[in-house]
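Take a look at the structure below.
Where a number appears in this text, it was derived from the coordinates with a stated rule and is not lab data. Quick caveat: nothing in here was measured; it's all calculated off a predicted structure. Note: ideal-geometry Cβ built from the backbone for every residue, glycine included; neighbour counts use all protein chains shown.
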Amino acid sequence: MERTLGQEHPDALPSKNDLAIVLRGLGDYAAARELDAQLLGARERTLEPDHPLASLTKNNLADCLD
């Protein structure tokens, strides 16, 4: 999807979020943290920094830091 739409296209970002959720579930917090950080940057650039999806990503990133 990223190849077709681009890495920061709003329709491609949910796939990154889903992958980060799976990685967290598998206990791979380092990989999930990296993906969530990329996702947060993309969401803050394409949406507003205080957009609900950006806030959700911040929360997911915090979960990786526990």
Residues located in the range 21-33, provided they are in a helix (DSSP H, G or I) and either hydrophobic (A, V, I, L, M, F, W, C) or under 14 Å from A62 (Cα atoms) (or both): I21, V22, L23, R24, Y29, A30, A31, A32, R33
Within the range 34-49, work out how many residues are over 14 Å from N60 (Cα atoms) and either loosely packed, with under 15 Cβ neighbours inside 10 Å or polar (S, T, N, Q) (or both). 4
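For the condition acidic (D, E), in contact (Cβ under 8 Å) with a residue 12 or more places away in the chain, under 23 Å from G6 (Cα atoms) and in a helix (DSSP H, G or I), what is the one hit in D36, D63, D18?
Selected residue: D36, the only one of D36, D63, D18 that is acidic (D, E), in contact (Cβ under 8 Å) with a residue 12 or more places away in the chain, under 23 Å from G6 (Cα atoms) and in a helix (DSSP H, G or I).
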